Structure formats: C-alpha cells, structure tokens
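Colleague: Below you will find the structure I want to go over with you.
The values are calculated or read from the model by the stated rules, or taken from the named source; none is laboratory data. These numbers come from a predicted model, not from an experiment. Positions of Cβ are backbone-derived with ideal geometry, glycine not excepted, and every protein chain shown enters the neighbour counts. Accessible surface is based on the protein model in full, side chains and every heavy atom, while ligands, DNA and RNA are left aside. Shrake-Rupley method; radii C 1.70, N 1.55, O 1.52, S 1.80 Å.
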Amino acid sequence: MSMNRDAVVQDTILTMATVKQERGQERQGQAPSTRSTTKPTWNTKDLGKRLGVDVASAATAGVLTCPLITIIDRAIMEKASKGFPIGQTINNCLRSMIARPSGFFFSTPFILIYTLYTSTYLTANAIDTLKSTTHNEPYNAIDTGLPKFFATTIVNMTICVYKDARFAKMFGASPSESPARNSTINTNLVARKYSSALRAPHPPSAPTAPTLQIPKVSYGLFCLRDSITIWASFNIPALIAPSVPDFLASSSTMKSSIAQFACPAAMQFASTPMHLLGLDLYNRQPAGGLRWTERVARIRRDYVPSCFARMGKIVPAYGVGGVVNVRMRDSLMKRVERGE
C-alpha cells in the first residue's frame, strides 16, 4: 500500500511540475513543449492554381517570342547549307508571315519551335513549383539546383534534337547538293532557277538519290550545344544576378533581368561552333569525306554572322522569353498566395 501511495504522489508531483512549466512558457509567449507540433514540410495549398500559372506563363512567353525564333532558326539553317544571306531569308520570311499569318502560325516549323520553348519554360516552372511545394516555400520561389538543370535539359534536348533534324531536312542541302568534295555552293538564285533547263534530262531508269541521314556526331554536338545553353539560361542568371554592379542596376529585379539577357547571349560564343559543325557534317556527307581543315574553314566563314544570329534567336528565347515567363509567374503566384 505504501508503495502505491508513493507512486501516486510521485505522479502527482510530476504532473504539477509539468503544468507549471507549461504555464510559465505560455506567459513568456512560447508554445508548451508537449503541445508543439511539427511544421508540415509540404504545402499543397492552391496547387492546381499554381500549376495553371505555370502553364499560362510558359504559353504566353512562347507566343511572344517563337515567331522571331522560327525565322532566325531557318535563316541560320539556310546560311549553313545553301549559303543564303541571313538578312535576305529573314526579310522573305517576315513578308510571308505578314502576308499569310495563318500559313505561318500553323506551319510545321513554327509548331516545332513553339513546342520546344513552351515545353522548356513549363518544365522550369514546374520544377520551381515542385520545390516550393515540397519545401514549404513561397509560391514564387525559384530553384537553381541540379534537378532543374537536368529536367529542363532533358526536355529541351529531346525536342530540340528532333526539331533540328526536321529543320535540316526541310531547309538543308538535298542529296544531290551534298557531295563530300563540293565545298563551294552556288548562291546565285537566278542561276539556280534556270539551271535545270540547261541540264540533260535524266534517263527514266536513273535511281533516286538516297535521303540524307543525320550523323550521330551531329546529334551529340546538338545535345552538347543545348546543355550549355540551358545551363546559361535557367541556372546561371539567378546565381550571378547579385554580383551585377550597382552602377548597372540598382534593384534586384533589374539585376536579374540583366543576368537573364546576358548569360544566354554570351554562351553563344562557345555553342555556335558546335552548331555549325553539326550542320556541316549533315550538309556535306559522308562525315569522313572531308578533311577537318575544310570543315574548320567553313565554320570560320559562317561563325560571326551565325553567332550574332543565334544571339538574336537566344535573346528572344531565353532573354525576353525568360524575363516574361519569370515575371509573369512571379506576379501571378503572389496574387494566388494572397488569395486574389
């Protein structure tokens, strides 16, 4: 009996001490230790609306930037394969787009480009939303880690390599124009138009020229080109934006915008040779039929105009498009978080 009494007394004393401790914590503005709850690590509130914001931001950025990207991409392809001046191709395509907008916006080249960049923006947005959900961060938080790089690279690279293969076949050299030793390309449009009338007719039994295949090395070069471009477009800007000098931009928003424009554009100095070599290996086959000195000479010939043309393509794609996507998403996410 005495042992039971002692146990009861000890339990009573322990309970009273715990109650006093909790009351003291409440007076100091602290939550009682026994009543504290673990902060949830996932925040799925408004997840449907947040994903809708991701889609809307990506789609809007794609509509605003992809028409110009489509035209510039075609001009670069025809410069590398047929020697057409980039400015001439851009002017012709702009006139065609204005004269027949439906034919342009429903064409295969535009649909390929729109699918490529909208999917890339959407993947980046979805990764940001995934991180803010799993780490219970603000809705407009931006991820700069490796998961975002790998996800956007895989999506962009897969679609872009397919797009480049289609563009090379649509706007590249035809099999009859791609002998391995033919390093000069006739760019006289009048001569091209009437040259067929001067040739002797082919015999009916002449075999059809085989369709050119994209070399595996070209696929590898396109993948490497896209990887470093994605890295410079989605990961580097957020890292170097705080280092932008104050005399260039005083606010964090302006610093982010400058970094978003500058990083993808500067990376084209390194990625353009990969792009040109991949196209040249396709346009002048077989891949081993020319000396490397001849291919380097072709790359040197096209490097400067192609580099600045690719900057003109990348700046709308990941500069203008990136800024539109990021700012629109940031603004809409804040409104969703406030419950508007």
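Colleague: Would you point out which residue out of Thr293, Thr272 is assigned to a helix (DSSP H, G or I) and over 17 Å from the mean Cα position of the chain (by Cα)? Show your work before the answer.
Modeller: On the way: Thr272 fails: over 17 Å from the mean Cα position of the chain (by Cα).
Unique residue meeting the criteria: Thr293.
Colleague: Can you run down the residue pairs with Cβ atoms below 6 Å, 6 or more apart or on separate chains, where the first is in segment 318-338 and open to solvent by less than 50 Å² (accessible area, probe 1.4 Å) and the partner is among the acidic types (Asp, Glu)?
Modeller: Cβ pairs passing all conditions: Val336/Asp46.
Colleague: Of (1) modelled with pLDDT under 90; (2) aromatic (Phe, Trp, Tyr); (3) touching a Ser or Thr at 6+ places or on another chain (Cβ under 7 Å), Tyr303 satisfies all except one. Which?
Modeller: Here Tyr303 clears every test but (1).
Colleague: When you scan segment 316-338, do you find a residue that is touching a helix residue (DSSP H, G or I) at 6+ places or on another chain (Cβ under 8 Å), more than 30 Å from Thr133 (Cβ to Cβ) and of a type outside the set (D, E, K, R), even just one?
Modeller: yes
Colleague: Cys263 fails exactly one of the following numbered conditions: (1) buried (at least 22 other Cβ atoms within 10 Å of the Cβ); (2) under 17 Å from the mean Cα position of the chain (by Cα); (3) over 30 Å from Thr133 (Cα atoms). What is the number of that condition?
Modeller: (3)
Yes/no matrix, rows are residues, columns are (1) touching a Lys or Arg at 6+ places or on another chain (Cβ under 6 Å); (2) in contact (Cβ under 8 Å) with a residue 60 or more places away in the chain; (3) open to solvent by less than 10 Å² (accessible area, probe 1.4 Å):
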| position | (1), (2), (3) |
| --- | --- |
| Tyr121 | no, yes, yes |
| Thr129 | yes, yes, yes |
| Ile142 | no, yes, no |
| Thr152 | no, yes, yes |
| Met157 | no, yes, no |
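Colleague: Right, here's the next one. Just checking, does segment 65-88 include any residue being surrounded by fewer than 18 Cβ atoms within 10 Å (Cβ to Cβ), more than 28 Å from Met328 (Cα to Cα) and among the charged types (D, E, K, R)? Show your work before the answer.
Modeller: First, the residues of segment 65-88 that are surrounded by fewer than 18 Cβ atoms within 10 Å (Cβ to Cβ): 83, 85, 87-88.
Add one more test, that the residue is more than 28 Å from Met328 (Cα to Cα), and what stays is 83, 85, 87-88.
Remaining after also requiring among the charged types (D, E, K, R): none.
Checked against the condition, which is being surrounded by fewer than 18 Cβ atoms within 10 Å (Cβ to Cβ), more than 28 Å from Met328 (Cα to Cα) and among the charged types (D, E, K, R), segment 65-88 yields no hits at all.
Colleague: Being closer than 15 Å to Thr229 by Cα and not acidic (Asp, Glu) narrows it down to one residue among Ala249, Ala297, Ala266; which is it?
Modeller: Numbers: Ala249 fails: closer than 15 Å to Thr229 by Cα; Ala297 fails: closer than 15 Å to Thr229 by Cα.
Being closer than 15 Å to Thr229 by Cα and not acidic (Asp, Glu) holds for just one of Ala249, Ala297, Ala266, which is Ala266.
Colleague: I've got another one for you. Would you check which residues across segment 89-110 are buried (at least 18 other Cβ atoms within 10 Å of the Cβ) and touching a residue at least 24 places away in the same chain (Cβ under 8 Å) and list them?
Modeller: Met97, Phe104, Pro109, Phe110
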